[in-house]
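The values are calculated or read from the model by the stated rules, or taken from the named source; none is laboratory data. For clarity, every value in this text was computed on a predicted model and none was experimentally measured. Cβ sites come from the backbone with ideal geometry, for glycine too, and all protein chains shown count toward neighbours.
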Amino acid sequence: MSEGNSTPEEPVTFVDKRKVDPETGEVREPVAAEAAAGNGSEAPEAADQLADTISVELAERTADLQRLTAEYANYRRRVDRDRKAAIDGAKAAVVTELLGVLDDLDRARAHGDLEGPLKAVADKLAGALQKQGLEEFGAEGEPFDPTLHEAVQHEGSGHEPVLGLVMRKGYRFGERVLRHALVGVTDPVAEQPAAETAASDADAEANNE
């Protein structure tokens, strides 16, 4: 090539990375330390920005984790509630089919026919159903509750009525009413206060004299 088209070669530079100066024998300061010393004002700013970024990301990840934890807890509660409702429903269906058997056993007991081995079997059956959550209700003297009792006859004025006759027991399973009690309703017998009773007795004795 001609000299007119030639380009000047770039000078080659060498960086002496030796830690000990060969001429003086002294230990040289690291280049990175010199650069850091030269940029001393910028380093804290960058560190603060990095710390702020990390704090924001950590807060976001913590919020995401808390939200996922709450959603999972709600899911577990919903699954447990649905499972319990399904189990209770299945138990209630089976127990409902056995109410007729319990009625027959009650009638046999009332007529004095429930004795010996049959009585033992009836007691075991009643005990097993009670352990599962079956509860009977409807006894004479109980306050009348239209949500539990079905009244087929009524005597009296209807003021604070009570059960006067129980024709068929009612049953509930937990909070679920399986069958209403079939009852006759009457007014409660009013009890006289003790003072009025004593006065009536005194009047009766005076009249007898």
Starting from residues that are surrounded by fewer than 10 Cβ atoms within 10 Å (Cβ to Cβ) and within 22 Å of Arg176 (Cβ to Cβ), keep the ones in the stretch 61-112 and report whichever is nearest to the chain's Cα centre (by Cα).
Glu97
Quick check: anything in the stretch 83-95 in contact (Cβ under 8 Å) with a residue 60 or more places away in the chain and not charged (D, E, K, R)?
yes
Out of the residues in the stretch 150-166 meeting the condition of being assigned to a strand (DSSP E or B) and not β-branched (Val, Ile, Thr), tell me which one is surrounded by the most Cβ atoms within 10 Å (Cβ to Cβ).
Leu163
Test each condition in (1) modelled with pLDDT of 85 or more; (2) part of a loop (DSSP other than H, G, I, E, B); (3) surrounded by 12 or more Cβ atoms within 10 Å (Cβ to Cβ) for Gly141 and report the one that comes out false.
(3)
State yes or no: is Leu58 touching a Lys or Arg at 6+ places or on another chain (Cβ under 7 Å) and assigned to a helix (DSSP H, G or I)?
no
When you look at Asp123, is it of a type in the set (Asp, Glu), assigned to a helix (DSSP H, G or I) and touching a residue at least 60 places away in the same chain (Cβ under 8 Å), yes or no?
no
